[in-house]
Each structure stands twice: as C-alpha cells, then as structure tokens.
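The values are calculated or read from the model by the stated rules, or taken from the named source; none is laboratory data. Computed from a prediction, not measured in an experiment: that's the story for all the values here. All Cβ positions, even for glycine, are placed from backbone atoms using ideal geometry, and neighbour counts span all protein chains on display. Heads up: the accessible areas ignore ligands, DNA and RNA and are worked out on the full protein's heavy atoms, side chains in. Shrake-Rupley method; radii C 1.70, N 1.55, O 1.52, S 1.80 Å.
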Amino acid sequence: MAKAAMKISATVFSAIMAGASYGADGEGLAYTPGEGISFGEQAILSGEAGVAIDSRYMTYGVTDGKDPIVTPSAKLTAADWVYFGVEAIFDTAKGNGKRGGYGNRAGKYTTLDAIGGIAHDFELCEALGALSVDFNYIYEYIPRHDGSMDDTQYLNLELALSDLLIEPTVAIERDIMADDGTYVNVNIGHTFSLVDGETEEDDPVLTLKPSIGQGFGNTRRTRGYGLANDHGGAMDTTLMCELEWAVNDWLSVGAYVAYADYWFDRRLRDGARDYNAEWGGSEDRSWNVFGGLGFTATF
C-alpha cells in the first residue's frame, strides 16, 4: 500500500485533495470531503477520526468511573465494506483508577481497543429501506496493574433499520476471553430534523434523536460484571436524547444526555445498586444520569 501510494504524482494528489475527478463525465478517481476517495460510484477509501468526552465512565448502565473520560478514535474503511480502527479511553483524574483498583491513570489510557470489521448497507425494499449490518472483532488491551492481566476480546453484531419511523437497532456483544458472556441491547428512537439541508437531497444540518434502549445479559455476563452470581435477565434501560450538528461536509459535533436504570429485574437492580455504591455513599442507587460531547471528522 505505501509503495503504491508513493507512485501517485503530486499533480494527481493535489487534484484529489481539491475534490477534482478524473475520467469522462466524472467517472474516474475522485476525492470528496466527508466521503473519501472513490472511482466512479465505487467507494475506495475513507477515514474517520473523533474524540468523545463523557461526564462519567459508564458500562451497561452502571458506573465504572465517577470522573469524566476522554475517548479518541480513528477508523479507515475500504470499498465501503471492510474497516480497521483503534479506540482508547483516557482518565481525566486519579479517582477512577484508585477506586477502580487499577491505580492512578490520570491523563493515561485505561483501555486500548484494536478493531476490525465488516459493515455495509443493504437495500431491502421500499417499505423497510436499508438494513445496516456491522460485524466486528475487538481486542481490548488493559495496562498491567499489580501483575494482573485483564485483556479481553469481543465479537459484536449490530443490525439497524434507520429508514423506518422508529429506527430499530439490535446490538449483540459476545465476550470470548474474560467470561464468555453475552449482552444484547434493543433500541428504538426517531430522528427529528431541526434544521434541513439546502436541498431535499442534502442531509439535515441539525438533528435531535430521542431513544430508549433495553439491555439483556445471560448469567455469565451478569456474573462476570459482578451484578449477580447465578442470574441473568433484563439489565439497563436507557433513555437518551442526542443532538447532532453537521458543521460542514466533513465535520460534525454531537452531544447527548442519558438516564439509565435497572427497571425490570429486582435482583439485577440490587446488583447495580451495590456496584454503584462502591464509588461512595452518594452513589448508592441503581440509576445514573450522564452526558457527553463528541467531535467527528470524516475524510
């Protein structure tokens, strides 16, 4: 890949970066800000980089850290099918690591994920629109603390029908290294356009999406996460409101606020209360309110 890239002339490279196309009727090689490099209508390569700031470290609706975290990420997608990415979580203060049992990691990464996957949109029919499919593998590296090794691996599958009114999404996560547990989240919501694009074909400039999601975990998942020893079932119920602003063709800004609780299973609700209470008496509850802000650049 590197040797081939070096053979592109400076003139061609400059034209690509300027958004010019080559070939009759714009059917040749082209670069479009926010969409990447294509040949005719076939996507060749696109990239994405982002950073997210969350008010606290949340997993499955329970608190893994009271202090804010920062999550930078990057991804490259080839031919609109195969992608590779990396993501890390950084603590902003020493409290998360000290109470979480992995030392003072303020300003340092606490997890580092290497990701590889296949994602594509399949047109089904006029009534259903497109089915988005994303299947990926994640290796999660966790810095060593007191000689312990807590790395794990995940297989994930996400299916979404974003053209429907209620925009259903099903996400399945399988931990294949730490506890062999399975977690499923079912989510529905609707995206409202607050500010439309310049034409009917353009994406909205500003959108608002309220949604509700329900998580389910088998016994290995709830046991592995310290919520129950011999009981699986309905886990976190999350109400979320997301706001997204398309600043231009390649940059977007998003913000969200969320409420999570364990509504439907008393035993897991008690487990969530005990889990949260480890962060102090004020956290002795099964629910959490949290939010965040993120920036994404596509190229």
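Descriptive notes on the structure:
- Residues satisfying the stated conditions in the range 72-82, i.e. in a strand (DSSP E or B) and either on the phi > 0 side of the Ramachandran plot or touching a residue at least 40 places away in the same chain (Cβ under 8 Å) (or both): 75, 77
Condition check ((1) touching a Pro at 6+ places or on another chain (Cβ under 7 Å); (2) of a type in the set (A, V, I, L, M, F, W, C); (3) under 22 Å from residue 243 (Cβ atoms)) across all residues:
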{"residue": "256", "(1), (2), (3)": "no, no, yes"}
{"residue": "264", "(1), (2), (3)": "no, yes, no"}
{"residue": "269", "(1), (2), (3)": "no, no, no"}
{"residue": "277", "(1), (2), (3)": "no, yes, no"}
{"residue": "295", "(1), (2), (3)": "no, yes, yes"}
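- The residue pairs whose first member lies in the range 245-258 and is under 21 Å from residue 210 (Cα atoms) and touching a residue at least 40 places away in the same chain (Cβ under 8 Å), whose second member is among the acidic types (Asp, Glu) and in a strand (DSSP E or B), and whose beta carbons are closer than 7 Å, counting only pairs six or more residues apart or on different chains, are 252/244; 254/242; 254/244.
- Figure legend. Inter-residue proximity from the range 100-115: first residues among the hydrophobic types (A, V, I, L, M, F, W, C), second residues not in a strand (DSSP E or B), beta-carbon distance below 6 Å, spacing 6+ or different chains. Indicated pairs: 106/93; 106/94.
- Among the residues making up the range 202-212, none is over 19 Å from the mean Cα position of the chain (by Cα), among the β-branched types (Val, Ile, Thr) and in a strand (DSSP E or B).
- Only one of 264, 295 that is under 15 Å from the mean Cα position of the chain (by Cα) and at negative phi: 295
- Scan of the range 183-193 for residues that are surrounded by 13 or more Cβ atoms within 10 Å (Cβ to Cβ) and over 18 Å from the mean Cα position of the chain (by Cα), ordered by number: none
- Within the range 214-240, tally of residues that are of a type in the set (Phe, Trp, Tyr) and open to solvent by 50 Å² or more (accessible area, probe 1.4 Å): 1
- The set of residues in the range 194-213 being at pLDDT 95 or above and open to solvent by less than 30 Å² (accessible area, probe 1.4 Å) consists of 207, 211, 213.
- When residue 35 is tested against the conditions (1) farther than 25 Å from residue 213 by Cβ; (2) free of Cβ contacts under 8 Å to residues at least 60 places away in the same chain, the lone failure is (2).
- Residue in the range 128-151 that is in contact with a Lys or Arg (Cβ under 8 Å, 6 or more places away or on another chain) and either without any contact (Cβ under 8 Å) to a residue 40 or more places away in the chain or assigned to a strand (DSSP E or B) (or both) present: no
- Residue 221 being assigned to a helix (DSSP H, G or I) and under 23 Å from the mean Cα position of the chain (by Cα): yes
- Boolean, residue 123 is surrounded by 14 or more Cβ atoms within 10 Å (Cβ to Cβ), of a type in the set (Asp, Glu) and either in a strand (DSSP E or B) or free of Cβ contacts under 8 Å to residues at least 60 places away in the same chain (or both): no
- Qualifying position, being touching a residue at least 40 places away in the same chain (Cβ under 8 Å) and in a loop (DSSP other than H, G, I, E, B), among 226, 215: 226
- The single condition among (1) assigned to a strand (DSSP E or B); (2) under 17 Å from residue 141 (Cα atoms) that residue 103 does not satisfy is (1).
- Some residue of the range 163-176 being more than 20 Å from residue 235 (Cβ to Cβ) and surrounded by 16 or more Cβ atoms within 10 Å (Cβ to Cβ): yes
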